[in-house]
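Below: one structure, written as structure tokens.
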Amino acid sequence: MTDVRVPILMYHAVAADPGEATRALSVTPQAFAEQMAVIADRGLTPVTTAGLAAHWRSGRPLPARPVLVTFDDGYEGVHRHALPVLAKHGFPATLFVATGWLRGPYDTGGGLDTMLDWDQVRELADNGVEIGGHSHSHPQLDQLDDGTLRSELILCKEIVSDQLGTVPASFAYPYGYSSRRVREAVRETGYAQALAVGNGLARRAQGPYALRRVTVRRSTDTAEFERLVEGRAIARAFARDRALTKGYAMVRRTRQARRLIRRPPG
């Protein structure tokens, strides 16, 4: 049971008419409802991020055919459209919030579309949605200096704790970008597990701070979604994404090296 491969689904906006910035990574309310029906019809068992990690940490067997439903950033449609569907099926989920993007006292104005407010986040939490951290301003964490990196992680954790009265246990890297230094900082900040992207199935051997997810987007039709939750043909489905990711990773490593060279001593 320790080598079970688990599909962790990564959603962003759930909206009929999203803004251009979020369109490609959004799904329509109808598509989301149909996808949750697929999960129910196939007898999969949704769990939260913290729940999955707790099973793997303790060595206890997972429930039958586990799957995770996760949302990044904090778009208003998660409350308006996704929550009623999740409640209908009795499904838990995990929402990773970029605290500076949410409407309210900490809003930096960086949100890409209509965002949740804190009352909506609290209602999601009261209805079985685990609330995790996603940084404060949604930067590429591996491009930050140590001080700014820790500030992003700590501020996010403190705001969520203050608004919800519970300390977030899970984290998702903005854009999926991390490094050994970032993962160590996430662990030291007190998060117990963290999700990347990778577009592959999650396994215990990946470690609690580099669990992979698969992207669900506007172009994901029912047949592809069925393959994702069944863990079939994932490498083929995301072959182009992986090629682009590898190329961009080389560019970003070069940029980071240049920053380090330019940084003054002391």
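The values are calculated or read from the model by the stated rules, or taken from the named source; none is laboratory data. Owing to the predicted nature of the structure, the values given are computational and were not obtained by experimental measurement. All Cβ positions, glycine included, derive from the backbone under ideal geometry; neighbour counts span all protein chains shown. Surface accessibility is based on the protein's heavy atoms, side chains included, excluding ligands, DNA and RNA. Shrake-Rupley method; radii C 1.70, N 1.55, O 1.52, S 1.80 Å.
Here is how the numbers come out for the structure above:
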| quantity | calculated |
| --- | --- |
| Subset of region 89-103 [farther than 17 Å from Val67 by Cα and touching a residue at least 24 places away in the same chain (Cβ under 8 Å)] | Val97, Ala98, Thr99, Gly100, Trp101, Leu102 |
| Boolean, Arg23 is part of a helix (DSSP H, G or I), basic (Lys, Arg), open to solvent by 20 Å² or more (accessible area, probe 1.4 Å) and farther than 13 Å from Glu230 by Cα | no |
| Neighbours by Cβ (under 7 Å, 6+ apart or cross-chain): first from region 49-69, at positive phi; second open to solvent by 30 Å² or more (accessible area, probe 1.4 Å) and in a strand (DSSP E or B) | Arg65/Thr45 |
| Residue that is least open to solvent (accessible area, probe 1.4 Å) [pool: residues in region 54-80 that are out of contact with any Phe, Trp or Tyr (no Cβ under 9 Å at 6 or more places or on another chain) and in a helix (DSSP H, G or I)] | Trp56 |
| Every residue from region 89-138 that is among the polar types (S, T, N, Q), part of a loop (DSSP other than H, G, I, E, B) and open to solvent by less than 30 Å² (accessible area, probe 1.4 Å) | Thr99, Ser135 |
| Glu152 vs. criteria open to solvent by 10 Å² or more (accessible area, probe 1.4 Å), acidic (Asp, Glu) and closer than 28 Å to Leu62 by Cα | no |
